[in-house]
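The values are calculated or read from the model by the stated rules, or taken from the named source; none is laboratory data. These figures come from a predicted structure and were not determined experimentally. Using ideal geometry, Cβ is built from the backbone for each residue, glycine included, and neighbour counts are taken over all protein chains shown.
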Amino acid sequence: MRIVVTGMEGQVARAMAERGDEQGHDIVRLGRPALDLTANRARIDAALAAARPDLIVSAAAYTAVDQAESERDLAFSVNATGAAAVAHAARRLGVPLVHLSTDYVFGGDKEAPYVESDETRPQTVYGASKLAGEQLVLATQADSAILRTAWVFSPFGSNFVRTMLRLAATRDQIGVVQDQWGNPTSAFDIADAILTVAGNLLTDRDPRLRGIFHMASSVATNWAAFAEAIFALSAARGGPTAGVRAIATSDYPTAAPRPRNARLDCTLLERTHGVRLGDWRAPLDAVIARLVTPVQG
């Protein structure tokens, strides 16, 4: 498969490049300035057409959750209008589209994991912009699978694992929220899942393979417990570690409210596409192994 991925340096885009190469696929990453999601539709069409995709993965997004509260227009320009432009290009080229979305489309107050049919009620500008993107993508390109994920981590970019290891290098104890729950998800597991979904879309016209699906690891935890696991695995490899002081969400105010419950039920993805992401602990250890440089005695 020749897969064009929007975004050059994002966690999923970089993981796609590695996994695609390992599996013999041709992965083409497109980012600025060649592909700018705030550009007009004609320029986006031209950039994607020039890349000659068999399938497009729409991974680029505005992800600064707190900053989006004061940059609403930019967030919607990228996550909604830009996503729709990518979907329009896919339709013009006659190729399927895989679009990445987020748990932030939900309100976060459900007691059980969210399923695809649950009411969407975003509490942030970021979540609202991603929901608008989902709706525009589905309205523009029916040959699409939208994959909602959560708590993405990898050796790349900005994510919770890298932040915790950076803080542990200079602090003995770190306060981490314990009353927010979700499914930590490796960008490499996401990449593997996308490649399977992409293959399904290219070989099977069944409409049940299209639509919205949840895609996250099979095990939920809270941020404080996730941090403890990060430090335990890092310490085992001679890397930075710190104590975790469990705190409440109210102790760590942010511009954009975080969902108390970000857990996603991924049964539909497994039943329909045959994809199930496993426990996050082994992928976490693999990521930490790439990030940690043992201290020499």
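Has the stretch 66-76 got any residue that is part of a loop (DSSP other than H, G, I, E, B), within 17 Å of T140 (Cβ to Cβ) and at pLDDT 95 or above?
For the stretch 66-76, residues part of a loop (DSSP other than H, G, I, E, B), within 17 Å of T140 (Cβ to Cβ) and at pLDDT 95 or above: absent.
Across the stretch 47-62, what is the total count of residues that are touching a helix residue (DSSP H, G or I) at 6+ places or on another chain (Cβ under 9 Å) and surrounded by fewer than 19 Cβ atoms within 10 Å (Cβ to Cβ)?
So the answer is 3.
Under 6 Å between Cβ atoms, at least 6 apart or on separate chains: pull out the pairs that start in the stretch 264-275 with a residue that is touching a residue at least 12 places away in the same chain (Cβ under 8 Å) and farther than 14 Å from A145 by Cα and end on any residue that is surrounded by 15 or more Cβ atoms within 10 Å (Cβ to Cβ) and among the charged types (D, E, K, R).
So the pair list comes out as L264/D103.
Looking at (1) surrounded by fewer than 20 Cβ atoms within 10 Å (Cβ to Cβ); (2) hydroxyl-bearing (S, T, Y); (3) within 26 Å of R208 (Cα to Cα), which one does S101 not meet, given that it meets all the others?
All conditions are met except number (1).
For the stretch 42-76, which positions are out of contact with any Ser or Thr (no Cβ under 8 Å at 6 or more places or on another chain) and in contact (Cβ under 8 Å) with a residue 60 or more places away in the chain?
D54, L55, A61, T63, A64, Q67, S70
Search the stretch 109-134 for residues being outside any helix (DSSP H, G or I) and of a type in the set (A, V, I, L, M, F, W, C), and hand back the single one that is farthest from V78 (Cα to Cα).
A112
Please find, within the stretch 1-38, the residue that is nearest to the chain's Cα centre (by Cα) out of those that are assigned to a loop (DSSP other than H, G, I, E, B) and free of Cβ contacts under 8 Å to residues at least 40 places away in the same chain.
Result: M8.
Please find, within the stretch 143-161, the residue that is nearest to L264 (Cα to Cα) out of those that are of a type in the set (A, V, I, L, M, F, W, C) and in a loop (DSSP other than H, G, I, E, B).
Checked the stretch 143-161; the qualifying residue nearest to L264 (Cα to Cα) is A150.
Under 8 Å between Cβ atoms, which residue pairs at least 6 apart in sequence (or on different chains) link something in the stretch 202-213 that is within 16 Å of Q141 (Cβ to Cβ) and touching a residue at least 12 places away in the same chain (Cβ under 8 Å) with a partner that is part of a strand (DSSP E or B) and basic (K, R)?
Hits for this filter: I212/R148; F213/R148.
From (1) within 20 Å of the chain's Cα centre (by Cα); (2) crowded, with 24+ Cβ neighbours inside 10 Å, pick out the condition that doesn't hold for A90.
Among (1) within 20 Å of the chain's Cα centre (by Cα); (2) crowded, with 24+ Cβ neighbours inside 10 Å, the lone unmet condition for A90 is (1).
Could you list, in sequence order, all residues of the stretch 63-83 that are surrounded by fewer than 23 Cβ atoms within 10 Å (Cβ to Cβ) and touching a helix residue (DSSP H, G or I) at 6+ places or on another chain (Cβ under 6 Å)?
Matches in the stretch 63-83: V65, E69, R72, F76, A80.
For residues that are under 19 Å from T221 (Cα atoms) and under 18 Å from the mean Cα position of the chain (by Cα), tally how many sit in the stretch 268-285.
Final tally of qualifying residues: 8.
Can you tell me which of (1) in contact with a His (Cβ under 7 Å, 6 or more places away or on another chain); (2) more than 23 Å from R148 (Cβ to Cβ) is the one I3 doesn't meet?
Unmet for I3, out of (1) in contact with a His (Cβ under 7 Å, 6 or more places away or on another chain); (2) more than 23 Å from R148 (Cβ to Cβ): (2).
Each row is one residue, and each column tells you yes or no for (1) out of contact with any Gly (no Cβ under 9 Å at 6 or more places or on another chain); (2) under 20 Å from F153 (Cβ atoms).
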{"position": "R2", "(1), (2)": "yes, no"}
{"position": "R14", "(1), (2)": "no, yes"}
{"position": "D36", "(1), (2)": "no, no"}
{"position": "R43", "(1), (2)": "yes, no"}
{"position": "F76", "(1), (2)": "no, no"}
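Which of the residues spanning the stretch 113-154 are closer than 30 Å to R281 by Cβ, surrounded by fewer than 19 Cβ atoms within 10 Å (Cβ to Cβ) and in contact (Cβ under 8 Å) with a residue 60 or more places away in the chain?
Selection gives V115, E116, Q123.
Out of the stretch 93-107, which residues are touching a residue at least 60 places away in the same chain (Cβ under 8 Å) and over 17 Å from the mean Cα position of the chain (by Cα)?
If the condition is that a residue be touching a residue at least 60 places away in the same chain (Cβ under 8 Å) and over 17 Å from the mean Cα position of the chain (by Cα), then P96, G107 are the ones that fit.
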